[in-house]
Amino acid sequence: MDTPTLAVFKLASCDGCQLTVLDCEDELLALAGRVRIAHFLEASSAVRPGPYDVTLVEGSITTPADAERIRQIRAESKVLVAIGACATAGGIQALRNFGDVAEFASVVYARPDYIDTLATSTAIADHVPVDFELRGCPIDRRQLLEVLTAFLAGRKPDLPDTSVCTECKRRGLTCVLVADGTPCLGPVTHAGCGALCPAYRRGCFGCFGPMASPNVAALVPRLRAAGMSEDEVGRVFRTFNAASGGWSS
């Protein structure tokens, strides 16, 4: 039986999710004994051509070249996993979606006619079929290992589909919104981080994106009561997952 191949690609992103892969360290070494890492430029310049059994892609689509490249990657991949907020929702660079990219380029660049970019930053799933999406900015290493193990074993990944609030409860954390009046997006944010920010008495910033069917309308009055202005409420939903349609549910 042939050894399964793993590929990791980057589009428009900061490399944080790829670094999470490298941070797995011991687990990655064990994984390397079961799979052939065929393409991962963050780790090695040695590259093998596709097709690939499992491909992880970090980053959003921001240029015509990105759009063409993701189609090529999809064609070479049996399983395609989008990793991180950029790949699953367009990332923080999707703030361009709410402005005029041509105007930005004219202000920033001496020769904006040299800039070949799209007017929007979009998720990979907006361009090609995606087999699984791994949320976060960056992704959680435990979830990453679960996804890789699951696909190599031929089963569905077992990941939570609830809110960060459930993770707070499981950890026995006091609710920062109720107890401290700290603005928090935990009630509408997808679980997966282990309630990292609330564990340090900080409100959730929503880096894992909206949970399934988030009740944003019920949360907004609580955010106002916690002292947030209308502008601040609007801005808090325009960060890591600015272009995600789930926040407007």
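The values are calculated or read from the model by the stated rules, or taken from the named source; none is laboratory data. Everything numeric in this text was worked out from a predicted model, so none of it was measured. In this analysis, Cβ positions are derived from the backbone assuming ideal geometry, glycine residues included, and neighbour counts consider all displayed protein chains. Side chains included, ligands, DNA and RNA excluded: accessible areas come from the protein's heavy atoms. Shrake-Rupley method; radii C 1.70, N 1.55, O 1.52, S 1.80 Å.
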*Taking all protein chains as present, what is the carbon and sulfur share of the accessible area of segment 164-239, in % to the nearest whole number, probe 1.4 Å?*
56
*Give me the percent of the accessible area of segment 1-104 that comes from carbon and sulfur atoms, probe 1.4 Å, all protein chains in place.*
55
*Separation between Cα centres of segment 82-160 and segment 230-249, rounded to whole Å*: 16
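Please compute the net charge surrounding Gly91, taking Lys and Arg as +1 and Asp and Glu as -1 over other residues with Cβ under 15 Å from its Cβ. Mind dumping the intermediate values first?
On the way: positive: Lys10, Arg96, Arg135, Arg238; negative: Asp15, Glu58, Asp66, Asp126, Glu133.
Every neighbour counted, the sum reads -1.
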_Using each residue's phi in segment 110-123, evaluate 6.51 cos²θ - 1.76 cosθ + 1.60 at θ = phi - 60° and report the 3J(HN,Hα) Karplus result to the nearest Hz, with x for Gly and Pro._
5, 10, x, 5, 7, 8, 9, 9, 8, 6, 10, 10, 10, 6
*asked:* Among Gly181, Gly136, Val147, whose Cα projects farthest towards the positive end of the dipole of segment 126-202, with charges put on the beta-carbon of Lys, Arg (+1) and Asp, Glu (-1)?
replied: Gly181
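Need the full-extension length gain, Ala225 to Tyr200, defined as separation in residues times 0.36 nm minus the C-alpha distance. One decimal, nm.
6.8 nm
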*Thr5's amide H: which non-local residues (gap 5+, or another chain) put their own amide H closer than 5 Å, with H modeled 1.01 Å from N in plane and none for Pro or chain starts?*
Arg36, Asp53, Val54
*Sort 35-44, 2-11 for me by packing, meaning the mean count of neighbouring Cβ atoms within 10 Å per residue, highest on top.*
2-11, 35-44
*Just tell me, in residue order, which DSSP H segments of the chain are both 15 angstrom or longer along the helix axis (alpha-carbon based) and at least 0.5 in mean Kyte-Doolittle hydropathy.*
141-153
*Take the alpha carbon gyration tensor of segment 116-194, find the square roots of its eigenvalues, order them as a ≥ b ≥ c, and report rounded if a/c is under 1.5; if not, report prolate when a/b exceeds b/c, else oblate.*
oblate
*In the Gaussian network model of the chain, springs joining C-alpha atoms below 10 Å, which of Ser45, Ser163, Ser77 carries the largest mean-square fluctuation?*
Ser45
_Give me the one-decimal nm value for the distance between modelled label points at Arg171 and Arg235, 7 Å along each residue's Cα-to-Cβ direction._
2.6
*Would you mind counting up the charge near Asp116? Only other residues with Cβ under 13 Å from its Cβ, with Lys and Arg at +1 and Asp and Glu at -1.*
-2
*Per residue, what accessible area does segment 5-153 have, given a 1.4 Å probe and all protein chains present, in Å²?*
48
*Please work out whether segment 4-46 counts as rounded, prolate or oblate from its C-alpha gyration tensor, where a ≥ b ≥ c are the square roots of the eigenvalues and a/c under 1.5 means rounded, while otherwise a/b larger than b/c means prolate and anything else oblate?*
oblate
*Which whole-Hz ³J(HN,Hα) couplings does segment 201-215 yield from phi under the Karplus relation 6.51 cos²θ - 1.76 cosθ + 1.60, θ = phi - 60°, glycine and proline marked x?*
6, 10, x, 5, 9, x, 6, 8, x, x, 6, 5, 6, x, 8
*Taking 0.36 nm per intervening residue step and subtracting the Cα-Cα distance, what contour gain separates Ala30 from Ala43 on full extension?*
3.1 nm
*Quick one: which residues, 5 or more positions from Met211 or on another chain, have an amide H under 5 Å from its amide H? H modelled 1.01 Å from N in the peptide plane, none for Pro or chain starts.*
Thr189, His190
*For segment 26-36, take each phi angle, set θ = phi - 60°, evaluate the Karplus expression 6.51 cos²θ - 1.76 cosθ + 1.60, and give the result in whole Hz per residue in order, putting x for glycine and proline.*
4, 5, 5, 5, 5, 5, 4, x, 10, 10, 9
*How high is the relative contact order of the chain, in percent, counting Cα pairs under 8 Å that sit 6 or more residues apart?*
18
